[in-house]
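Peer 1: Handing you a structure now.
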């Protein structure tokens with residue numbers, strides 16, 4: 001039998017890792033929220049006599065100046081936050097104050113998956129970031145992917161700033177809300193308007 005040539009067909013391909021990428025992922029199985037519930041800043045899935053959910057969290061390193069510090073489920077605040085830009089050439093410019101944003105179009109009072117980022121005072125000025133969100137909802141599930149673009153301030157902030165981003169999951173009054181899994185990716189771009 002001649003020797004095998006080329007890549008080993010029994011070896012799993014290695015994932016591509018680009019420099020300056022930070023991956024943060026949370027996998028949560030079937031978080032069901034119905035009427036008459038209480039929202040907490042975060043949630044957990046636990047096992048009882050019957051398995052009601054399961055998940056895995058893979059911690060990773062975020063960008064040193066734009067770090068995710070918390071994630072969970074909460075009510076979208078009032079007033080409803082402005083939606084982040086999805087156009088690479090016209091990113092949302094972060095203000096010099098803590099602010100809320102919508103990843104998708106958000107409605108005040110709806111249930112939302114949130115991500116909380118802290119921008120450090122060491123953030124490079126006028127630098128663009130691409131934030132990619134993939135959210136699985138419902139029993140199907142339905143997978144929604146959103147790529148948003150933000151730009152740091154032209155002048156470095158005097159203190160660390162907190163930005164909370166919400167993905168609107170819908171109104172509780174509309175019935176049961178199920179969030180199956182969430183994946184978030186952050187990347188620094190080489191220049192404003194040049195994120196892939």
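Peer 1: Looking at the stretch 82-91, which of the residues that are under 19 Å from residue 154 (Cβ atoms) and surrounded by 15 or more Cβ atoms within 10 Å (Cβ to Cβ) is modelled with the lowest pLDDT?
Peer 2: Applying the filter and picking the extreme gives 88.
Peer 1: Look at residue 89 and say whether it is assigned to a loop (DSSP other than H, G, I, E, B) and in contact (Cβ under 8 Å) with a residue 12 or more places away in the chain. Can you show your working first?
Peer 2: Working: assigned to a loop (DSSP other than H, G, I, E, B): yes; in contact (Cβ under 8 Å) with a residue 12 or more places away in the chain: yes.
Here the answer is yes, as residue 89 does meet what is asked.
Peer 1: Moving on. Hey, among the residues in the stretch 92-112 that are assigned to a strand (DSSP E or B) and at pLDDT 95 or above, which one's nearest to residue 134 (Cα to Cα)?
Peer 2: Checking each candidate, the answer is 102.
Peer 1: Quick check: is even one residue across the stretch 160-169 part of a loop (DSSP other than H, G, I, E, B) and at pLDDT 90 or above?
Peer 2: Looking for residues that are part of a loop (DSSP other than H, G, I, E, B) and at pLDDT 90 or above, one finds at least one in the stretch 160-169, hence yes.
Peer 1: For the stretch 159-168, how many residues meet the condition of being without any contact (Cβ under 8 Å) to a residue 60 or more places away in the chain and either out of contact with any strand residue (DSSP E or B) (no Cβ under 8 Å at 6 or more places or on another chain) or buried (at least 19 other Cβ atoms within 10 Å of the Cβ) (or both)?
Peer 2: Applying the first criterion (without any contact (Cβ under 8 Å) to a residue 60 or more places away in the chain) to the stretch 159-168 yields 159-160.
Checking which are either out of contact with any strand residue (DSSP E or B) (no Cβ under 8 Å at 6 or more places or on another chain) or buried (at least 19 other Cβ atoms within 10 Å of the Cβ) (or both) leaves us with 159.
Selection size over the stretch 159-168: 1.
The values are calculated or read from the model by the stated rules, or taken from the named source; none is laboratory data. Computed from a prediction, not measured in an experiment: that's the story for all the values here. As a convention, Cβ positions derive from the backbone with ideal geometry for all residues, glycine included, and neighbour counts pool all protein chains shown.
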